[in-house]
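Accompanying notes for the structure given below.
The values are calculated or read from the model by the stated rules, or taken from the named source; none is laboratory data. This one's a predicted model, so the numbers in the text were calculated from it and none came from an experiment. Counting neighbours? That spans all protein chains shown, and the Cβs are built from the backbone with ideal geometry, glycine included. For the accessible areas, the whole protein counts, side chains as well, though only heavy atoms, and no ligand, DNA or RNA atoms are used. Shrake-Rupley method; radii C 1.70, N 1.55, O 1.52, S 1.80 Å.
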Amino acid sequence: MQLLIQYHQLYVNLSSDSVKEEIPVTLEQLANVLYCSLRNVRFILKKMEHAGWICWTAGRGRGNRSQLTLLVSADELIVREMKSLLARGNIKAAMELIRLPDVGEAAKAYFAGWMTDHFGYEELHEDGKKLDILRFPVPRKITTLNPVEVQYAIDQSLVNHIFDTLVRYDPQKRTVLPHIAYHWEVNEERTLWTLYLRKGIRFHSGKELQARDVAYSLSRSKHRFDLPSSWLFNLICELRIFDPYALQIQLRSPNYLFLRFLASSEMAIVPEAERGGEEAGTWKPIGTGPYRVKHYDEYNCVLEAFPDYFLGRSQLDRIDIWAVPEEISISEQTKKEMHLLVSHGNRNIIPPSADWKAESRLETGCNLLTFNMKKPGPHQHPCFRQAVHHAIDRDGMAAYIGGERPAFPAQGFLAQAEEGGEDPAFDRELAKVLLRSADYKGETLQLHLTAWHEPSGRWLQRQCAEAGIQIEIVVLPVAEMFRSDRLREADLSLFGIVAWEDIDLSFLDMYQSPSSIRAHLSEPLMRKLDRLADKILQEPEHSGRVRNIQRIESLIRDSHEVLFLLHRTQQIMFNPMMRGVRLNPNGWIDFTKVWFQPGMKEPWIYYSEESQ
């Protein structure tokens, strides 16, 4: 397949989209296109000639160029290879092909056609049992299923189905509910918590969950400062096991919210038996949750209902999720057969049939832009940051990335009821005045983002250019975006933050996490925020916590070290056969509540008065 990818590179870079055309070229040019040495170019050309894809005539004499003839369309080869891969069940390789840059319409059309036969609801009968299976696409890759590494909403949603936490949080009642732990006690200082565990809870491997597993789960990320959730685990200074089903947690300082921390997906319980796998890099996603992992890679995750789940088995037997690029055009007929369509603000979705149902909500969280205050540059001047703030037309950005307004200008982390109109901050002339005050000399700033946020980044780049600010965009793979070295390199970063069900703790996590905005905040601002965060954790009353959260947001907003950009609208549309569908705060649904209405065609009559 690597040879095909290299041929695609040649075709895209050298061909005028017509085959059998002689192209004058040098080996050096080919080496640049293929990112390899001259020796490797010769080897690659021989393999392509042998495959019958090219005709190669080497130039004779100094200064004479060689002649390369591409004999077959790259799209034709990609479709041919895709058919073979899909027939052999190598879906991952096929997905990598369809994600090649500038892949042709024929390949996209073939893949879209394949989806028609594979996505949607399917009812299977195996060994006398009926299985309800749902397959559907999402526009983002799956990054991780390790709870302590989760940063994206799709990963968090999957983690919440695979793993359980000690307790659950009810956001409507602001109440902590028993889950793995059925009872708990706390000392008067709120520094020592004792938890008592249910007996008989089993991991997907069959092993019973005990206190050692909890202690391992709550300590495995301590001192891992590269993890987004490390700050949560470092609240704990000691774990004591005094019974297989009971343990104590000693905290470094008083914390009225600690039980709510234990309800976050980052603190999900994993088996201690996986300790060796984690150290060796072979860790497996084994939890106690309602679904267990049958298969997963970055393109595909298959979950199966866990029959021994301690709260009862789910009705949906299998969930099969595929990461499909947004640029793949899906026919209306295919959409009808998918049963479920999901969008998180990058595009509007239209119901393929009038009887489909819809759920939508403004996401809890926002997209934002951070200035790296730990790196020198023009952004160190407050007037420069204010200039960028006023140069961005957020309302225009929302319309650009989503069409009919699935996004709205943000003035803070949480969406306000009155938001949805024009951006009051947009003032290009004021931006130019502020730039002069900042003595900006036209330096280019590097903006880091992932492909998901590239449309917003391109809009921001154009808006800043019109105000006289030069920005270079660097698109990073998801796995690299929040690495500490990448965060240090960036002048600016653009990304999104979506809340958990616990809004207060989500807000704290937004700037406490080392791989979020904290990585770029200035030291003076960080010290102020940390003092307020300590007050929040030690504040017994909800009203007091809210006041301090509002102070934190005001400090962040007034510093212009972080610019709030957009709130996105989360949308799902689904076939009326699906029941129990509800959007949660991070824009996904709880599949444990989903069930399919059985068909009523040709019933088998077991008993009827008329038959007597």
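Here are a few things to note about the model shown:
- Filter result (open to solvent by 70 Å² or more (accessible area, probe 1.4 Å) and either on the phi > 0 side of the Ramachandran plot or in contact (Cβ under 8 Å) with a residue 12 or more places away in the chain (or both)) within region 199-241: LYS199, ARG202, SER205, LYS207, ARG212, HIS223, ARG224, PHE225, ASP226, GLU238, ILE241
- Residue count for region 517-527 under the criterion of being open to solvent by 10 Å² or more (accessible area, probe 1.4 Å) and touching a helix residue (DSSP H, G or I) at 6+ places or on another chain (Cβ under 6 Å): the result is 3.
- Identity of the residue in region 306-316, among the hydrophobic types (A, V, I, L, M, F, W, C) and surrounded by 20 or more Cβ atoms within 10 Å (Cβ to Cβ), that ends up nearest to ILE162 (Cα to Cα): PHE306
- Index of the failed condition, PHE136 passing every other in (1) modelled with pLDDT of 80 or more; (2) crowded, with 17+ Cβ neighbours inside 10 Å; (3) within 30 Å of THR592 (Cβ to Cβ); (4) out of contact with any helix residue (DSSP H, G or I) (no Cβ under 6 Å at 6 or more places or on another chain): (4)
- Within region 88-108, residues that are within 14 Å of GLN6 (Cα to Cα) reach partners that are open to solvent by 20 Å² or more (accessible area, probe 1.4 Å) and in a loop (DSSP other than H, G, I, E, B) with beta carbons closer than 8 Å, at six or more positions or on different chains, in the pairs GLU96/MET1; LEU97/MET1.
The rows are residues; the columns are (1) of a type in the set (Lys, Arg); (2) at pLDDT 95 or above; (3) closer than 30 Å to HIS542 by Cα.
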residue	(1), (2), (3)
LEU259	no, no, yes
VAL270	no, yes, no
GLU278	no, no, no
GLY287	no, yes, no
TYR299	no, no, no
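- Residue in region 302-322 that is assigned to a strand (DSSP E or B) and in contact with a Cys (Cβ under 7 Å, 6 or more places away or on another chain) present: yes
- Positions within region 1-28 being out of contact with any helix residue (DSSP H, G or I) (no Cβ under 8 Å at 6 or more places or on another chain), over 23 Å from ILE98 (Cα atoms) and open to solvent by 60 Å² or more (accessible area, probe 1.4 Å), in sequence order: LYS20, GLU21, GLU22, PRO24
- If you go through region 33-53 and keep only what is free of Cβ contacts under 8 Å to residues at least 40 places away in the same chain, open to solvent by less than 40 Å² (accessible area, probe 1.4 Å) and touching a strand residue (DSSP E or B) at 6+ places or on another chain (Cβ under 8 Å), you end up with just LEU45.
- Condition met for HIS381 (open to solvent by less than 60 Å² (accessible area, probe 1.4 Å), farther than 23 Å from ALA153 by Cα and modelled with pLDDT of 95 or more): no
- Those residues of region 277-303 which are surrounded by fewer than 19 Cβ atoms within 10 Å (Cβ to Cβ) and in contact (Cβ under 8 Å) with a residue 12 or more places away in the chain, in sequence order: GLU278, TRP283, LYS294, TYR296, ASP297, GLU298, ASN300, VAL302
- Pairs with Cβ under 6 Å, 6+ apart, first in region 19-32 and closer than 13 Å to ILE54 by Cα and at pLDDT 85 or above, second open to solvent by less than 40 Å² (accessible area, probe 1.4 Å) and not aromatic (Phe, Trp, Tyr): ILE23/LEU68
- For LYS199: the one exception among (1) touching an Asp or Glu at 6+ places or on another chain (Cβ under 6 Å); (2) modelled with pLDDT of 95 or more: (1)
- Qualifying residue in region 255-275 (condition: open to solvent by 40 Å² or more (accessible area, probe 1.4 Å), of a type in the set (Asp, Glu) and in a loop (DSSP other than H, G, I, E, B)): no
- Filter result for TYR169 (open to solvent by less than 50 Å² (accessible area, probe 1.4 Å), in a strand (DSSP E or B) and either farther than 30 Å from GLY281 by Cβ or in contact (Cβ under 8 Å) with a residue 60 or more places away in the chain (or both)): yes
- Condition met for ILE552 (among the β-branched types (Val, Ile, Thr), touching a residue at least 24 places away in the same chain (Cβ under 8 Å) and in a helix (DSSP H, G or I)): yes
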